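**Student:** A single structure is presented below for examination.
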Amino acid sequence: MSVTTEQVETRVVETLASFGPDVSQITRDATFEELDIDSLDLVELAQVVEDDYGVILKGEDMKELKTVGQAIDLIVERAE
Amino acid sequence: MAERVARPDGCALVTGASRGIGAAVARSLARDGWPVVVNYRSDGEKAAAVVAEIEEAGGRAVAVRADVAEPDAADELFAAAESHLGVPVLALVNNAGIAADNLISMLGDDEWQRVIDTNLTGAFRLTRRALKPMMRARFGRIVNISSVVGLRANPGQANYAAAKAGVIALTRTVTVEVARRGITSNAVAPGWIDTDMTAEVESELLSNVPARRAGTPEEVAACVSFLASDAAGYVNGAVLSVDGGLAA
């Protein structure tokens with residue numbers, strides 16, 4: 001399945017926003033810490049990504065992620 | 001802050017619901033308005049009878065076979081629940097359990113493993129699967145059927161006790177991980193309850209029950225119904241003893 005970076009970006013931002021932060025704060029460089037996105041939020045993000053793109057993100061993958069941009073890049077890379 | 005959410009559309013999944021405590025729980029949750037998946041492993045006829053009884057009373061239910069000790073059981077059960085009832089599973093009652101009693105010196109590896117696989121690992125896998133729809137819904141009710149022997153030792157039940165104490169630890173861990181998603185995770189610890197499982201066993205436990213009688217599956221089911229209700233939204237990580245005072 002081919003998805004564009006823009007599609008993934010939109011879905012990730014939308015999902016992260018549902019956890020609390022304002023959409024304007026969710027930039028590629030924003031860290032999950034700054035956004036107050038915790039490990040449980042990332043688990044939920046992983047489930048959305050799995051359902052939408054068939055990309056399976058494991059716990060080890062998630063631990064490496066610090067910024068929104070890193071998450072988007074990883075998802076796009078795995079979806080290809 | 002997490003907000004209090006009223007129960008969205010969802011169904012309840014009760015494992016080991018063809019008889020005993022599980023059947024009583026399925027009937028009770030159906031009366032509370034939950035569409036119910038009546039899971040069974042071996043007795044399809046009894047499971048069908050539970051479903052028929054629920055339907056006659058105006059409820060909705062479907063019987064689904066699966067052995068919770070099998071790794072694929074969780075996915076199969078959740079897929080069946082969603083396709084037959086058309087709503088996500090938002091209440092899970094981990095009730096399926098077996099016993100294989102023996103004094104520790106005589107307890108075989110197989111007896112140990114079978115009991116842990118069904119009573120503890122099964123509950124873990126179903127819980128892991130259940131958290132998906134529950135986190136999405138910002139609502140969930142997990143009720144694990146533990147046992148008084150998870151709290152108070154009983155000779156000949158090391159495997160059963162270890163599994164049931166493990167279930168309590170699992171219950172509490174789930175609470176601290178996902179309570180902020182509107183999900184509650186609680187355990188019920190029945191004592192001596194009149195069921196097929198206890199009918200085969202002579203136990204000294206009964207003479208130690210302060211209430212001087214065995215409990216009924218319905219008395220356990222009433223507690224499960226409460227813990228699955230909206231009213232119990234702030235009860236989380238609790239172990240509710242239903243044992244006539246045995247663990248007191």
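**Student:** For residues that are crowded, with 16+ Cβ neighbours inside 10 Å and within 24 Å of A:S2 (Cβ to Cβ), scanning just the range A:27-47, find the one that is nearest to the other protein chains (Cβ to nearest Cβ).
**Tutor:** Kept after step one, since they are crowded, with 16+ Cβ neighbours inside 10 Å, are these residues of the range A:27-47: A:30, A:32, A:35, A:37, A:41-47.
Still in the list and also within 24 Å of A:S2 (Cβ to Cβ): A:45-47.
Values: A:L45: 11, A:A46: 10, A:Q47: 6 Å.
Applying the filter and picking the extreme gives A:Q47.
**Student:** Scan A:E9, A:E60 and give me the residue that is exposed (fewer than 15 other Cβ atoms within 10 Å of the Cβ) and more than 14 Å from every other protein chain (Cβ to nearest Cβ).
**Tutor:** Values: A:E9 fails: exposed (fewer than 15 other Cβ atoms within 10 Å of the Cβ).
Criteria check complete, one pass: A:E60.
**Student:** In the range A:66-80, which residue that is more than 9 Å from the chain's Cα centre (by Cα) and among the aliphatic types (A, V, I, L, M) is farthest from the other protein chains (Cβ to nearest Cβ)?
**Tutor:** A:V76
**Student:** (1) among the polar types (S, T, N, Q); (2) within 28 Å of B:E111 (Cβ to Cβ); (3) within 14 Å of chain A (Cβ to nearest Cβ): which one isn't true of B:N159, the others all being true?
**Tutor:** With respect to (1) among the polar types (S, T, N, Q); (2) within 28 Å of B:E111 (Cβ to Cβ); (3) within 14 Å of chain A (Cβ to nearest Cβ), B:N159 is out only on (3).
**Student:** Another question about this same structure. What number goes with the only condition from (1) surrounded by 18 or more Cβ atoms within 10 Å (Cβ to Cβ); (2) more than 15 Å from the chain's Cα centre (by Cα); (3) not in a helix (DSSP H, G or I) that B:M135 does not pass?
**Tutor:** (3)
**Student:** Looking only at the range B:1-53, which residues are touching an Asp or Glu at 6+ places or on another chain (Cβ under 7 Å) and modelled with pLDDT of 95 or more? If you could, list the steps in order and put the result at the bottom.
**Tutor:** Looking only at the range B:1-53, we keep the residues that are touching an Asp or Glu at 6+ places or on another chain (Cβ under 7 Å), and these are B:6-7, B:18-20, B:24, B:27, B:41.
Of everything in the range B:1-53, those that are touching an Asp or Glu at 6+ places or on another chain (Cβ under 7 Å) and modelled with pLDDT of 95 or more turn out to be B:S18, B:R19, B:G20, B:A24, B:R27, B:R41.
**Student:** Kindly evaluate B:A80 against the criterion of being assigned to a helix (DSSP H, G or I) and within 14 Å of the chain's Cα centre (by Cα).
**Tutor:** Details: assigned to a helix (DSSP H, G or I): yes; within 14 Å of the chain's Cα centre (by Cα): no.
Spelling it out, it is not the case that B:A80 is assigned to a helix (DSSP H, G or I) and within 14 Å of the chain's Cα centre (by Cα).
**Student:** OK, next. B:I116 - would you say it is away from chain A (no Cβ under 12 Å), part of a helix (DSSP H, G or I), at pLDDT 95 or above and out of contact with any Leu (no Cβ under 9 Å at 6 or more places or on another chain)?
**Tutor:** On the way: away from chain A (no Cβ under 12 Å): yes; part of a helix (DSSP H, G or I): yes; at pLDDT 95 or above: yes; out of contact with any Leu (no Cβ under 9 Å at 6 or more places or on another chain): yes.
Yes.
**Student:** Would you be able to say whether some residue in the range A:63-72 is among the polar types (S, T, N, Q) and under 24 Å from B:A137 (Cα atoms)?
**Tutor:** We begin by selecting, within the range A:63-72, every residue among the polar types (S, T, N, Q); these are A:67, A:70.
Next, from what is left, pick out any that are under 24 Å from B:A137 (Cα atoms): none.
No, that holds for no residue.
**Student:** Wholly within the range B:143-226, which helices (runs of 4 or more DSSP H) include no fewer than the required count, namely at least 3 residues that are closer than 28 Å to B:Q113 by Cα and of a type outside the set (D, E)? Step through it out loud before you land on a result.
**Tutor:** Working: elements: B:158-178, B:196-199, B:205-208.
So the answer is B:158-178, B:196-199.
**Student:** Picking from B:L92, B:L103, B:L131, which residue would you name as being farther than 20 Å from B:S241 by Cα, in contact with a helix residue (DSSP H, G or I) (Cβ under 8 Å, 6 or more places away or on another chain) and of a type in the set (A, V, I, L, M, F, W, C)? I'd like the intermediate steps shown before the answer.
**Tutor:** On the way: B:L92 fails: farther than 20 Å from B:S241 by Cα; B:L103 fails: in contact with a helix residue (DSSP H, G or I) (Cβ under 8 Å, 6 or more places away or on another chain).
Answer to the check: B:L131.
**Student:** Can B:V115 be described as closer than 20 Å to B:V224 by Cα and either hydrophobic (A, V, I, L, M, F, W, C) or crowded, with 22+ Cβ neighbours inside 10 Å (or both)?
**Tutor:** On the way: closer than 20 Å to B:V224 by Cα: no; either hydrophobic (A, V, I, L, M, F, W, C) or crowded, with 22+ Cβ neighbours inside 10 Å (or both): yes.
No, not satisfied.
**Student:** Of (1) more than 14 Å from chain A (Cβ to nearest Cβ); (2) over 21 Å from B:L13 (Cα atoms); (3) surrounded by fewer than 19 Cβ atoms within 10 Å (Cβ to Cβ); (4) among the hydrophobic types (A, V, I, L, M, F, W, C), B:V176 satisfies all except one. Which?
**Tutor:** Against the list (1) more than 14 Å from chain A (Cβ to nearest Cβ); (2) over 21 Å from B:L13 (Cα atoms); (3) surrounded by fewer than 19 Cβ atoms within 10 Å (Cβ to Cβ); (4) among the hydrophobic types (A, V, I, L, M, F, W, C), B:V176 comes up short only on (1).
**Student:** Consider B:A247 against the criteria (1) touching a Leu at 6+ places or on another chain (Cβ under 7 Å); (2) closer than 21 Å to B:S28 by Cβ; (3) small (G, A, S): it satisfies all of them except one. Which criterion is unmet?
**Tutor:** Failed condition: (2).
The values are calculated or read from the model by the stated rules, or taken from the named source; none is laboratory data. Not measured: the values here are computed from a predicted model. Cβ atoms come from the backbone with ideal geometry, glycine included; neighbour counts cover every protein chain shown.
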